[in-house]
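Notes follow once the structure below has been shown.
The values are calculated or read from the model by the stated rules, or taken from the named source; none is laboratory data. Model, not experiment: these values are computed from the prediction. Please note: Cβ atoms are built from the backbone with ideal geometry, for glycine as well, and neighbour counts cover all protein chains shown. We work out accessible area using only protein heavy atoms, side chains counted, and drop any ligands, DNA or RNA first. Shrake-Rupley method; radii C 1.70, N 1.55, O 1.52, S 1.80 Å.
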Protein chains: 2
Amino acid sequence: MYSERIRLASLHDRIMSAAQAAALIEDGMTVGMSGFGGAGDAKAIPLALVERAEGAPLRINLITGASLGRGLDGLMAEAGLLARRMPFQGDPLLRRAINAGDVMFIDQHLSEVVEQIRDGHIPTPDIAVIEAVAITEQGHIVPTSSVGNSASLALMARQVIVELNLGCNPLLEGLHDIHIPEDRPDRQPIPLVRVDERIGTPAIEIDPAKIAAIVICDTPETAYPMLPPDNETQAIANHLIGFFEREVASGRLAGNLAPLQVGVGSIANAVMHGLIESSFSDLTLYSEVLQDSAFALFDAGRLGFASGCSITLSEDCGRRVFADLGKYRDRLVLRPQEISNHPEVARRLGIIGINTALEFDLYGNVNSTHVGGTRMMNGIGGSGDFTRNARLAIFVTKSVAKDGAISSVVPMVGHVDHTEHDVDILVTEQGLADLRGLAPRERARAIIDNCVHPDYRAALEDYFARACERGGQTPHLLGEALSWHLNLEERGHMLKAG
Amino acid sequence: MYSERIRLASLHDRIMSAAQAAALIEDGMTVGMSGFGGAGDAKAIPLALVERAEGAPLRINLITGASLGRGLDGLMAEAGLLARRMPFQGDPLLRRAINAGDVMFIDQHLSEVVEQIRDGHIPTPDIAVIEAVAITEQGHIVPTSSVGNSASLALMARQVIVELNLGCNPLLEGLHDIHIPEDRPDRQPIPLVRVDERIGTPAIEIDPAKIAAIVICDTPETAYPMLPPDNETQAIANHLIGFFEREVASGRLAGNLAPLQVGVGSIANAVMHGLIESSFSDLTLYSEVLQDSAFALFDAGRLGFASGCSITLSEDCGRRVFADLGKYRDRLVLRPQEISNHPEVARRLGIIGINTALEFDLYGNVNSTHVGGTRMMNGIGGSGDFTRNARLAIFVTKSVAKDGAISSVVPMVGHVDHTEHDVDILVTEQGLADLRGLAPRERARAIIDNCVHPDYRAALEDYFARACERGGQTPHLLGEALSWHLNLEERGHMLKAG
């Protein structure tokens with residue numbers, strides 16, 4: 001019945017129910033699961049675990065690629081299943097449990113998870129649960145719409161549960177390029193020198209004897225709701241396009257720019273949509289999550305090739321793309337996140353990284369993760385992997401949030417994810433600050449003049465002037481540096497006077 | 001007369017005085033100079049520029065490898081010569097000018113300087129001043145005791161002034177390995193896969209027509225005073241050695257550990273001295289500045305090979321090593337800082353990075369640069385290049401400074417150079433906190449229990465407990481987070497009660 005999808009016949013007797021397979025997972029185990037950007041996630045086993053947790057104590061350490069879709073992280077958190085969770089999440093219920101201190105969340109650079117398992121910093125998974133579109137004649141696993149950490153998790157775990165998702169388009173097979181760096185001390189260079197190169201295998205080459213269970217499911221991929229572009233995201237896109245045009249005119253960038261990396265989310269997606277109306281062509285993406293905008297750019301004839309580690313689409317876009325996958329197939333590749341996000345490759349290719357900031361400060365330090373300096377939003381994700389090694393590290397955000405109660409440009413960020421050493425360009429709807437080659441006081445000038453919202457400009461200007469009177473390479477008034485955050489906490493608005 | 005040292009005869013007529021050569025440097029120029037860790041720096045031209053500045057307006061943008069020796073940076077700053085300075089410095093007079101806002105200091109990751117010139121982020125040097133031990137038959141430049149950025153600065157500049165230092169040991173020739181990454185988009189992997197490999201050329205292959213001047217000098221290399229190990233540095237070394245021994249016993253590290261990178265300065269140097277009495281052998285260094293401890297480890301039979309980008313020694317050690325260079329020559333290589341510090345190579349080799357923190361916080365964020373959050377000390381140097389891509393990122397510091405008025409462990413650092421995502425191990429004389437795989441609240445527990453000085457433990461514990469009551473992934477009290485720094489500023493001690 002499943003011979004097309006499970007092409008190694010000896011594995012057919014491993015087919016079982018999700019409940020039976022979930023029974024392989026024991027209390028205290030470290031479990032690896034597929035899933036990145038809510039795509040290609042294990043879907044049946046998490047639900048079966050939630051059911052099991054009702055009857056007996058069951059707490060696991062969960063390692064994935066990145067976020068899971070379908071509210072699975074929240075359901076597992078509510079069921080008390082998650083003792084430790086890494087390296088990323090994006091679920092409101094899990095977020096609440098993390099901020100309450102009920103789940104230990106280890107917020108990691110996405111390229112480093114597997115490296116940390118190899119080095120023994122975090123435990124080797126006992127068992128891996130991997131969504132597949134097929135199992136090959138050799139018993140190798142063909143992932144679905146993400147690779148994430150699936151390949152290494154499956155290779156490292158003692159046992160593997162495969163969720164064979166019949167709902168996934170069989171044309172996904174052939175899209176993946178699995179390359180795993182050698183163990184040290186014999187590690188060789190990652191041979192990737194062009195965005196469109198393939199350096200690995202189309203399936204995860206595990207020993208089929210490790211496949212302990214195959215669970216058949218037919219669950220559609222999660223749709224990722226995407227806010228439409230608005231005036232402010234369009235303004236951000238326009239500032240950025242103007243900057244790129246000037247860079248090309250000055251000869252600093254080629255006509256097709258450089259490989260682009262674009263962070264997850266509505267703002268970055270909207271910015272990329274802006275490129276449809278630009279003059280650039282033959283663009284390439286060397287990114288993490290491929291979103292709606294990637295396919296819009298393909299359709300507009302702007303994009304030549306896209307390399308990512310997951311495809312995460314809105315409902316409309318997903319229906320269209322997966323129904324017509326053949327059209328895009330030879331211009332797409334999905335890699336393990338260790339490769340899609342690898343510092344070695346990002347630096348070699350000279351990517352342009354465009355990521356979303358929660359807030360940034362006077363000197364260009366960026367907070368990507370912590371609301372009010374303390375409460376986790378999602379996680380750093382790949383933003384550090386890319387920003388640190390990008391040719392151009394760009395952060396975008398709207399200049400204010402919550403109807404103006406929050407300024408995204410503050411005297412000092414409450415939490416630093418990206419330091420001023422690593423941030424080249426900041427863009428809000430107000431304008432673009434080009435910080436390249438500037439000392440901190442000059443960075444502050446560029447940020448005040450270009451990025452801050454008019455309602456906050458005078459206050460920031462005043463802070464900066466008084467800080468400069470005190471002196472220093474990076475002038476600050478320590479007694480006031482976090483006062484905007486404190487005002488927000490205590491009075492609901494960053495400026496006392498409202 | 002200098003035929004052994006200037007082996008391309010056609011260059012002999014370029015010999016001139018330092019004053020004549022310095023006249024090639026014009027007001028407003030961007031000047032590249034050799035020098036890294038006070039080694040291999042241009043010595044005559046900076047002094048000639050200081051003299052010239054007395055007579056006429058002369059302000060330059062100065063790019064070096066890292067710090068210059070002999071107080072040159074301070075002399076140039078005092079003469080008002082420096083408009084902009086990058087990427088690192090270590091001079092008290094220049095520091096004062098930077099913190100006063102008189103010199104714009106761009107504090108950069110040392111591996112990225114040349115990349116930023118290539119990408120047009122910072123200006124291409126008009127002229128480069130490079131100290132050499134010889135000029136070859138082809139007119140290529142053989143650097144002295146550092147490579148730093150010398151190769152790329154010389155290759156990129158329109159004109160080159162060579163300072164031929166007759167005081168340098170001719171045996172330095174052959175020690176260097178110059179490899180320059182290709183321009184993008186055709187860049188290839190850096191082929192280095194072993195610490196002791198050579199992948200380049202022994203000299204800087206510039207067009208000899210660019211050599212506009214050769215200045216003969218005979219100035220001894222700067223000695224780098226090194227504080228002797230004390231009880232506290234010995235305790236830090238002991239904690240670290242105990243940790244390494246446990247890692248080897250558990251199989252996570254090999255018996256010869258992994259290539260070590262060791263930051264500049266007395267504490268890191270003393271920690272390395274501690275390895276002399278350890279059980280490890282066949283160690284390797286893949287580091288930046290090779291200090292006294294490297295040669296002590298060679299002499300003790302502990303070290304097999306050392307790769308760096310400069311040799312910076314104390315007076316005693318320098319006399320001994322340079323007099324007997326042949327003894328070490330086949331176990332040493334000096335590379336451009338772009339290669340010695342390259343993220344690609346650091347990640348591939350899986351280095352253990354040991355750097356000194358100015359302070360770190362409850363959650364393991366590290367400040368390497370800014371006293372009181374505002375005043376520049378030296379610069380981030382290579383610490384970010386290594387920390388971010390290390391297999392093990394370790395920071396060491398004494399738990400208190402200034403007779404106990406300053407705790408090196410604080411609720412929140414006043415400036416972040418290395419985020420908690422990148423810091424694995426923290427060590428003070430009090431003990432070692434192993435932060436691998438821990439969530440922020442667990443990191444705080446490990447740091448309070450192991451690193452903080454007893455005089456500050458109760459206060460930090462109290463802060464943490466009250467912060468946890470407020471909740472969050474990274475609990476903080478925004479109104480108090482920087483209060484220790486503020487107390488120090490206002491009352492001279494981090495704790496109000498003294």
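Just name the residue that is nearest to B:SER287 (Cα to Cα) out of those in segment B:95-121 that are surrounded by 24 or more Cβ atoms within 10 Å (Cβ to Cβ) and over 17 Å from the mean Cα position of the chain (by Cα). Only one residue fits best here, namely B:ILE98. Checking each residue of segment A:138-149 against the condition of being among the hydroxyl-bearing types (Ser, Thr, Tyr), at pLDDT 95 or above and open to solvent by 10 Å² or more (accessible area, probe 1.4 Å) gives no match. Taken as a whole, segment B:56-70 holds no residue that is open to solvent by 10 Å² or more (accessible area, probe 1.4 Å), more than 18 Å from the chain's Cα centre (by Cα) and hydroxyl-bearing (Ser, Thr, Tyr).
Among the residues of segment B:149-181 satisfying the criterion of being part of a strand (DSSP E or B) and hydrophobic (A, V, I, L, M, F, W, C), which is nearest to the other protein chains (Cβ to nearest Cβ)? So the residue we want is B:ILE178. Filtering segment A:122-137 to residues that are at the interface with chain B (Cβ under 8 Å from one of its Cβ atoms) and open to solvent by 10 Å² or more (accessible area, probe 1.4 Å) leaves only A:PRO123. Scanning segment B:433-463 for residues that are at negative phi and within 12 Å of chain A (Cβ to nearest Cβ) turns up B:ASP434, B:LEU435, B:ARG436, B:LEU438, B:ALA439, B:PRO440, B:ARG441, B:GLU442, B:ARG443, B:ALA444, B:ARG445. Of the residues making up segment A:319-361, just one is open to solvent by less than 10 Å² (accessible area, probe 1.4 Å), among the small types (Gly, Ala, Ser) and over 25 Å from A:GLU115 (Cβ atoms), namely A:ALA357.
Checked against the criterion of being of a type in the set (A, V, I, L, M), away from chain A (no Cβ under 13 Å) and more than 16 Å from the chain's Cα centre (by Cα), segment B:344-352 contains not a single residue that satisfies it. Restricting segment A:234-251 to residues that are more than 16 Å from A:LEU392 (Cα to Cα) and open to solvent by 60 Å² or more (accessible area, probe 1.4 Å) leaves a set whose member that is farthest from the other protein chains (Cβ to nearest Cβ) is A:GLN234.
Note on segment A:383-489: enclosed helices (runs of 4 or more DSSP H) holding 2 or more residues that are open to solvent by 30 Å² or more (accessible area, probe 1.4 Å) are A:440-450, A:454-470.
Here A:GLY373 passes the criteria (1) open to solvent by 10 Å² or more (accessible area, probe 1.4 Å); (2) not in a helix (DSSP H, G or I) except the one numbered (1).
Of the residues making up segment B:220-233, those that are crowded, with 16+ Cβ neighbours inside 10 Å and modelled with pLDDT of 90 or more are B:GLU232, B:THR233.
So, of the residues in segment B:258-298 that are acidic (Asp, Glu) and out of contact with any Cys (no Cβ under 8 Å at 6 or more places or on another chain), which turns out to be least open to solvent (accessible area, probe 1.4 Å)? For segment B:258-298, the residue satisfying everything is B:ASP282. Please verify whether segment B:380-395 includes one or more residues that are touching a helix residue (DSSP H, G or I) at 6+ places or on another chain (Cβ under 9 Å), at pLDDT 95 or above and more than 14 Å from every other protein chain (Cβ to nearest Cβ). Yes, some residue in segment B:380-395 is touching a helix residue (DSSP H, G or I) at 6+ places or on another chain (Cβ under 9 Å), at pLDDT 95 or above and more than 14 Å from every other protein chain (Cβ to nearest Cβ).
Whenever a residue of segment A:472-485 is assigned by the TED database to the domain that holds A:HIS415 and hydroxyl-bearing (Ser, Thr, Tyr), its partners that are in a helix (DSSP H, G or I) and open to solvent by 10 Å² or more (accessible area, probe 1.4 Å), lying with C-beta atoms within less than 9 angstrom and at least six residues away or across chains, give the pairs A:THR474/A:GLU420; A:THR474/A:ARG441. Among the residues making up segment B:182-193, a single one is more than 8 Å from every other protein chain (Cβ to nearest Cβ) and crowded, with 16+ Cβ neighbours inside 10 Å: B:LEU192.
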